[in-house]
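Here is the structure we will look at.
The values are calculated or read from the model by the stated rules, or taken from the named source; none is laboratory data. Keep in mind that this is a model prediction, so the values were computed, not measured. Every residue, glycine among them, receives a Cβ derived from its backbone with ideal geometry; neighbour counts consider all protein chains shown. We work out accessible area using only protein heavy atoms, side chains counted, and drop any ligands, DNA or RNA first. Shrake-Rupley method; radii C 1.70, N 1.55, O 1.52, S 1.80 Å.
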Amino acid sequence: MPTRDDTQLDLIQRPRRLRMNPLLRSMVEETRLSPRDFVYPMFIEEGRKGRKDRQEVPSMPGVYRQSVEAGLKEMEQCMALGVRSVILFGIPEHKDALGSEAYAEKGIVQQAVRAAKKAFGPDLLVVTDVCLCEYTDHGHCAPIRDGEILNDAGAAIHAKTALSHARAGADIVAPSDMMDGRVGTIREALDTAGFVNVPIMAYSAKYASGFYGPFREAADSTPQFGDRRSYQMDPSNSEEALREVQLDLEEGADIVMVKPALPYLDIIRRVKDTFAVPVAAYNVSGEYAIVKAAAKMGWIDHDRVMMESLTGIKRAGASIILTYFAKEAAVLIK
Ligand SMILES: [Zn+2]
C-alpha cells in the first residue's frame, strides 16, 4: 500500500503515470509500426548467369545485387515476414546514351516483374522505379545534348519505360528523376494504353543528397560528369517541396514521396499537413549504411536505432516507408 511521505508534491498532472509499465505505455502509444508500412527496395541485375546468383553491396550489408531467381526467393522471405511490397531497381548488362534497356520489352525489371507477378499474383505489390540513370552510359536521368540534360526529350522515354513496366504487370510505377512534367506525361501514356488503374508513386520532393552514396554503388548509377543538382532539390528548401508535391498531384500522382527521410522529417510533416494524400518516405542507402557501420563499430545499438528511425519517419507523417531495414524490422515487430 502506498503511503504519503513528506517529500510528495501536490501535482494534479503526472505524465509519468502513463509510462509506469510496458502495457500502459503500449496503450498510449501513438505510432505503431507494422510490416505493412514497408516497401523493400531490391536490385535486380541482368546477366548474373555463370556468376554467383547474388552479390552483397559492400556499403550496404544484407543488401544484394541479384538475379531474378534469387530476387524471387527474397520476395518470398519478405512475404513470410508480412512485408507485402517491394520496389525494383534494374541493373542492365548494357548501357547506352538513351538508356534504351529501361524500356526494353525483355529488360531486367520487366523480366523481374513478370516473374514476380506469375509467382505471387496479387499477394505481393510490385512497385517499379522509373528512371534512366541506371541505364544511361552517362549516368544522368535524361538524355544529354552538348552537355545539357534534356528535360523534355526525356519525358517520352520515361513514359515508354513506365508503360513497359505496366505491361509487364507492375502494380505501381514510381518515377524518380524529379524533372518537370514527368508525372503528367506518364499518366497520359498509361491512360492512353488503358492502364487507368495503375497508380503513380511520385518521388515528388527528392533532394540532391549525400545520403545516396551507397545506392550508386549498388545500382551503378553515378553520373559520369556533373551532378544532379539541376533536377533534384536543394536541401535548404522547404516551400519548394510543397510546390513540387502540388504540381505532381495536379499531374496525376496518387502517392507522393519525400527522399531522403531522416534529414527531412519536417518536409514529411509539412506535406502530410498540407495535402490529404498518402505520403511515402525513402529511408535511403546512406541512412541505412550509417546505422550498419556504427553498429559494427559497437557504437550504437543496431535494433534500437533502426526501430527509432522508422518510428520517427512514421510519426512525422509517412504511412509508407521504403527501407532496406524492412525485413529486419518486420522480424522485431513480430
Ligand atoms: Zn535517375
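How big is the accessible area of L9 in square angstrom, nearest 10, if you roll a 1.4 angstrom probe over the protein chains?
110 Å²
How many percent of the alpha carbon pairs in the chain exceed a separation of 32 Å?
Working: 16348 of 55611 pairs.
Cα-Cα pairs of the chain separated by over 32 Å account for 29 percent.
Specify which residue in the list A293, M233, I44 is farthest towards the positive end of the charge dipole of the chain, using unit charges on the beta carbon of Lys, Arg (+1) and Asp, Glu (-1), about the Cα centre.
The residue sitting farthest along the positive end of the dipole is A293.
For region 205-214, just list the computed ³J(HN,Hα) in residue order, Karplus coefficients 6.51, -1.76 and 1.60, θ = phi - 60°, integers in Hz, with x standing in for Gly and Pro.
Ordered by residue, 3J(HN,Hα) equals 10, 10, 8, 6, 10, x, 6, 8, x, x Hz.
Across region 1-137, how large is the tail of the calculated P(r) beyond 25 Å, expressed as a percent of all Cα pairs?
Values: 4278 of 9316 pairs.
So the portion of pairs separated by more than 25 Å is 46 percent.
Compute, for C133, the solvent-accessible surface of its heavy atoms (probe 1.4 Å) with the complete set of protein chains present, and express it in square angstrom to the nearest 10.
Estimated to the nearest 10 Å², C133 gives 10 Å².
For H140, H302, give the ranking by accessible area with the largest first, probe 1.4 Å.
H302, H140
For region 103-150, what size does the Cα cloud have along each of its three principal axes, sorted from largest down, in whole Å?
For region 103-150, the Cα extents along the three principal axes come out at 46, 18, 12 Å.
Hey, with R₀ at 22 Å, roughly what FRET efficiency would K117 and D96 work out to, going by the Cβ-Cβ distance, to 0.05? Please list the in-between numbers first.
Values: r = 27 Å, r/R0 = 1.25.
Taking R0 as 22 Å, the efficiency between K117 and D96 is 0.20.
With a 1.4 Å probe and all protein chains left in place, how much of the accessible area of the chain comes from carbon and sulfur atoms, in whole percent?
It is 52 percent, rounded to a whole number.
Could you check the simple spin-label distance between R269 and E69, using points 7 Å along Cα→Cβ, in nm with one decimal?
Between R269 and E69, the label points sit 5.0 nm apart.
Taking a ≥ b ≥ c as the square roots of the Cα gyration tensor eigenvalues, with a/c under 1.5 meaning rounded and otherwise prolate when a/b beats b/c, else oblate, which class fits region 245-300?
Since a/c reaches 1.5 and a/b is larger than b/c, the shape of region 245-300 is classed as prolate.
Run the dipole for the chain about the Cα centre, Lys and Arg Cβ at +1, Asp and Glu Cβ at -1, nothing else charged, and hand back the magnitude in debye, nearest 20.
Charge dipole, the chain, about its Cα centre: 1220 debye, nearest 20.
State, in angstrom, two size descriptors of region 126-231 derived from its alpha carbons: Rg to one decimal place and Dmax to the nearest whole number.
Just the Cα atoms of region 126-231 yield Rg and Dmax of 13.6, 39 Å.
Using label points projected 7 Å from each Cα along Cα→Cβ, tell me how many nm separate R304 and D180, to one decimal.
Here the answer is 4.9 nm between the modelled labels.
So in the chain, what percent of DSSP beta bridges are antiparallel if you round to the nearest 5?
Beta bridges within the chain, antiparallel portion: roughly 15 percent.
Hey, what's the chain come to in accessible area per residue, 1.4 Å probe, Å²?
Here the residues of the chain average 48 Å² of exposed surface.
If you take the alpha carbon radius of gyration of region 75-185 and divide it by 2.2 N^0.38 Å, what ratio comes out, to two decimals?
1.10
How long are the three semi-axes of the equivalent ellipsoid of region 268-318, in whole Å, if each is the root of 5 times an eigenvalue of the C-alpha gyration tensor, listed from largest down?
Equivalent ellipsoid of region 268-318: 27, 10, 6 Å, largest first.
If you take every residue apart from Q111 with its C-beta less than 13 Å away from the C-beta of Q111, what net charge results, scoring Lys and Arg +1 and Asp and Glu -1?
Net local charge, Q111 excluded: +1.
For region 250-334, what does the alpha-carbon gyration tensor say about shape, rounded, prolate or oblate, given a ≥ b ≥ c as the root eigenvalues, a/c under 1.5 as rounded, and a/b over b/c as prolate?
prolate
Could I have the simple spin-label model distance between R216 and A80, label points 7 Å from Cα toward Cβ, reported in nm to one decimal?
Going from the R216 label point to the A80 one covers 3.7 nm.
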